[in-house]
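One structure is given below, encoded as structure tokens.
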């Protein structure tokens with residue numbers, strides 16, 4: 001996993017939609033079963049902002065930015081179904097987002113603006129990783145083993161995560177989506 005370097009009192013953060021129970025436990029157990037070394041450190045999620053380093057004194061402005069975004073976005077349904085892969089570009093197998101892609105893309109676009117503006121290495125593609133950086137046979141097993149996975153849930157919040165010195169990603173703050181469907185697509189950066 002590529003993590004940006006940090007120094008001094010900088011903090012490494014991420015922003016994601018956390019997969020709720022009971023699906024989160026099922027996906028985390030699957031990731032461990034397929035031998036992914038990150039299974040115990042990364043809760044199942046749909047990334048909105050990948051690992052990013054900020055100054056410690058920027059935490060308040062980041063939180064204000066994320067709270068503003070949450071106020072403009074309405075809850076939406078996500079359905080996860082079947083598997084796909086980023087191979088050969090990246091050794092990743094994931095469960096696909098088949099419903100709620102627009103909601104994820106709208107949140108991601110707004111999160112990655114203002115104080116968190118940054119260029120993407122790859123085009124944004126919402127997904128939930130179930131195997132990463134493992135041998136091909138384990139990637140194949142994950143691809144086949146999760147092919148029948150099917151889950152739907154309402155996304156009514158997203159989280160900022162802090163990356164600890166122990167390598168674990170922990171939820172730092174919850175941001176409830178309180179917008180109305182009419183607010184969708186506003187997309188103004190703060």
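Which residues, taken from segment 100-137, are in contact with a helix residue (DSSP H, G or I) (Cβ under 7 Å, 6 or more places away or on another chain) and surrounded by fewer than 18 Cβ atoms within 10 Å (Cβ to Cβ)? If the condition is that a residue be in contact with a helix residue (DSSP H, G or I) (Cβ under 7 Å, 6 or more places away or on another chain) and surrounded by fewer than 18 Cβ atoms within 10 Å (Cβ to Cβ), then 114, 115, 124 are the ones that fit. Entry remark, segment 138-190: residues being part of a helix (DSSP H, G or I), at pLDDT 95 or above and loosely packed, with under 14 Cβ neighbours inside 10 Å number 1 in total.
Criterion first (in a helix (DSSP H, G or I), in contact with a helix residue (DSSP H, G or I) (Cβ under 8 Å, 6 or more places away or on another chain), within 15 Å of residue 161 (Cα to Cα) and in contact (Cβ under 8 Å) with a residue 40 or more places away in the chain) does residue 62 satisfy it? So residue 62 fits the description; yes. Among the residues of segment 104-120, none qualifies, meaning not one is on the phi > 0 side of the Ramachandran plot, under 16 Å from the mean Cα position of the chain (by Cα) and not in a strand (DSSP E or B). Of the listed requirements (1) in a strand (DSSP E or B); (2) at pLDDT 95 or above, residue 52 misses just one: (2). Look at segment 15-36: where a residue is more than 30 Å from residue 62 (Cβ to Cβ) and a partner is surrounded by fewer than 23 Cβ atoms within 10 Å (Cβ to Cβ), sitting 6+ places away or on another chain with Cβ atoms under 6 Å, you get 32/39; 34/138; 34/141; 35/134; 35/138. Only a single item in (1) closer than 22 Å to residue 104 by Cα; (2) assigned to a loop (DSSP other than H, G, I, E, B) is not met by residue 67, and it is number (2). Considering 47, 79, 83, the condition of being surrounded by fewer than 17 Cβ atoms within 10 Å (Cβ to Cβ) and in a strand (DSSP E or B) is satisfied by 79 alone. Scanning segment 1-11 for residues that are in a loop (DSSP other than H, G, I, E, B), closer than 22 Å to residue 117 by Cβ and in contact (Cβ under 8 Å) with a residue 60 or more places away in the chain gives a single hit, 3. Selection of segment 12-38 for residues being surrounded by fewer than 18 Cβ atoms within 10 Å (Cβ to Cβ) and assigned to a strand (DSSP E or B) yields only 18.
The values are calculated or read from the model by the stated rules, or taken from the named source; none is laboratory data. Owing to the predicted nature of the structure, the values given are computational and were not obtained by experimental measurement. Reconstructed Cβ throughout: ideal geometry from the backbone, glycine too, with neighbour counts over all protein chains shown.
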